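To start, the structure itself, in C-alpha cells.
The values are calculated or read from the model by the stated rules, or taken from the named source; none is laboratory data. In this text the structure is predicted, and so the values were computed from the model without any measurement. Glycine gets a Cβ as well: all are built from the backbone with ideal geometry, and neighbour counts include every protein chain shown. Ligands, DNA and RNA are excluded from the accessible area calculation, which covers all protein heavy atoms including side chains. Shrake-Rupley method; radii C 1.70, N 1.55, O 1.52, S 1.80 Å.
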Amino acid sequence: MNPTILTGWSIAALLFAAALLAPFGTGLRRGASSLVAAMTVAGAVTLYSHDVMALPQICAALITGGAVGLALGRGLPRSALPALLSGLVGQAGLAAVFIGAAAWRNPHAFGLLDDVTDRLRIDGAVAIGTAVAWGAMACGGAVTILWRGSVHQAGYPLVASVMLLATGGCVAVFVANPQIGWLLACVGVALLAGRGLTKWGMGAGTEPALALVGGFAGWAVAASAFLMENMAMAVAGGLAGAAGSLFGARLCGGAGRKGLADGGRRP
C-alpha cells in the first residue's frame, strides 16, 4: 500500500480510537471533535486513493452538504437534533437496502456472478443479505426514534434477541437460495429487529438508541462497500459500525448502573 495512504488511514484510526475512549460529560465535546477529524481524514484519503474523475463535483457536494448540516444544526433546537440525526442515519440504511436490491437485480454489473455456473456467488449473496439486513435494521430503528412512542423496556430484550436471530436465519437461507422472497423476508424481519433493539435502547434514553442505530447504518455501509469493491468505504463503515455499537453499549451500561448524568465519572 502507498505509504501516504497507509499513514492517512492510521491517523484516521487513531482519531476514531480517541473518540471512542473519550469520557462522558465534558469529554464528549472532545470525542465529537476527534470523530469529525477522523471522518475528514478518512474522506480525504478515500479521494486521494481513487482515480476520481468528478473531483470538483464531489468537493462541491461535500461543501454544500456540510453547509446544510451546519445550518440545520445551528438553526434547530437541541431537542430536535436526535430526530434529525436519526432521519439522516435512516436514509443511509435505506440506501444500503437499495444497493443490495440493485446488486441482487443485476449481479453482473457488480461482478457477483460465478464464471463457471453463471450464478450468484456465495460471497456476493452474503454481502447482499448483510447489507439489506443491517440497512433495514437502521431504517426500523430510525423510524422508532422519530415515532417516539411510549417506551416499555420490559420484554423488549427478549423480542429483539429473537428477531435478531431470525434475521440471521433469513440471511443464511437467502445465501443458500437467493430468491426475492427470502430477500423480502430479510427486510421485514430486520425491520422488526431494529425496532426491538432501538426500543430497548430507548429504555435508557434517546442517546443510546441513536448510537445503536448509527452502528446499524455503519455495518450496512461496510457491507455495501464490499458490493462496490470499495475497501476504503468498507473500513470507514466498519469503524462507524463499531463506534456506534460500542458507544451505545457504553451508554446503556452507564445508564443501567447509575444514570447518564453520572456517566462521566466512571464510564
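A few notes on this one:
- Computed with a 1.4 Å probe over protein heavy atoms only, the accessible area of residue 117 comes to about 80 Å².
- Relative contact order of region 82-137, defined on C-alpha pairs under 8 angstrom at six or more residues apart (%): 48
- Normalised by residue count, region 133-233 yields a Cα convex hull volume of 94 Å³ per residue.
- For region 164-217, diffusion coefficient by Stokes-Einstein and Kirkwood Rh (Cα), 10 °C, 1.306 mPa s, µm²/s: 134
- Among 170, 59, the sequence by solvent-accessible area, most first, with a 1.4 Å probe is 59, 170.
- Computed E for residue 10/residue 105 - FRET, C-beta separation, R0 45 angstrom, nearest 0.05: 0.75
- Given a 1.4 Å probe and the protein chains as shown, residue 182 ends up with an accessible area of around 100 Å².
- Rg/Rh (Cα only; Kirkwood hydrodynamic radius) as it applies to region 45-143: 1.10
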